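Worksheet: one structure, shown below.
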Amino acid sequence: MAFITEKHLDDSKYTYSLAPSVKKFTLKDTTFVQTKIGNFEFKRMLEEVPNSNEGFLLKIIVNPDLTGFKLSITDKSGLRNVNIFKNSSPIIQEKFYFQMDALIDRGVFTKKEV
């Protein structure tokens, strides 16, 4: 999957894009980890019951020059994309929106309603 500037997950209420003011230190402050090739990677489990290890994996990768990103929600193995807005618990959806809103508040992303 190539880096993109805007992402709308199927059946989500919002479209997300990188904030024009995003900085590398902000990514590091919000627990993005820099990989060997320079990308910034963020992984979180979206679980109904905390620490149950049963849920979905939110994965965000930002390229080194901060011009594009990848955003996906997969099964816990990370191999298959999952639509959490169709057949999933409202708690999982709420946790996704909470996580993304925290990144918006820190100036990493912007969102607009679909």
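The values are calculated or read from the model by the stated rules, or taken from the named source; none is laboratory data. Predicted model, so just to flag it, every value in this text is computed and none were measured. Cβ coordinates were reconstructed from backbone atoms using ideal geometry, including for glycine residues, and neighbour counts include every protein chain displayed.
Brief remarks on what is shown
- Scanning region 6-30 for residues that are of a type in the set (S, T, N, Q) and either out of contact with any strand residue (DSSP E or B) (no Cβ under 7 Å at 6 or more places or on another chain) or modelled with pLDDT under 95 (or both) turns up SER12, SER21, THR26, THR30.
- Put simply, of THR30, THR110 the only residue that is touching a helix residue (DSSP H, G or I) at 6+ places or on another chain (Cβ under 8 Å), closer than 15 Å to ILE4 by Cβ, in contact (Cβ under 8 Å) with a residue 12 or more places away in the chain and not charged (D, E, K, R) is THR110.
- All positions within region 39-78 that are on the phi > 0 side of the Ramachandran plot and modelled with pLDDT of 95 or more: LEU66
- Filtering VAL49, VAL33 for residues that are farther than 18 Å from LEU103 by Cα and of a type in the set (A, V, I, L, M) leaves a single hit, VAL49.
- Taking region 1-29 as the range and being assigned to a loop (DSSP other than H, G, I, E, B), buried (at least 16 other Cβ atoms within 10 Å of the Cβ) and polar (S, T, N, Q) as the test, only SER12 passes.
- Enumeration of residues in region 1-22 that are more than 22 Å from ASN83 (Cβ to Cβ) and touching a helix residue (DSSP H, G or I) at 6+ places or on another chain (Cβ under 9 Å): ALA19
- Per-region count, region 33-76, residues without any contact (Cβ under 8 Å) to a residue 12 or more places away in the chain and touching a Gly at 6+ places or on another chain (Cβ under 9 Å): 2
- Of all residues in region 77-90, those that are exposed (fewer than 15 other Cβ atoms within 10 Å of the Cβ), touching a residue at least 24 places away in the same chain (Cβ under 8 Å) and hydroxyl-bearing (Ser, Thr, Tyr) total 1.
Okay, residues lined up against (1) over 17 Å from VAL33 (Cβ atoms); (2) among the aliphatic types (A, V, I, L, M); (3) over 13 Å from the mean Cα position of the chain (by Cα); (4) surrounded by 13 or more Cβ atoms within 10 Å (Cβ to Cβ):
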| residue | (1), (2), (3), (4) |
| --- | --- |
| GLU47 | yes, no, yes, yes |
| PHE56 | yes, no, no, yes |
| ILE61 | no, yes, no, yes |
| ASP75 | yes, no, yes, no |
| MET100 | yes, yes, no, yes |
| ARG106 | no, no, yes, yes |
| THR110 | yes, no, no, yes |
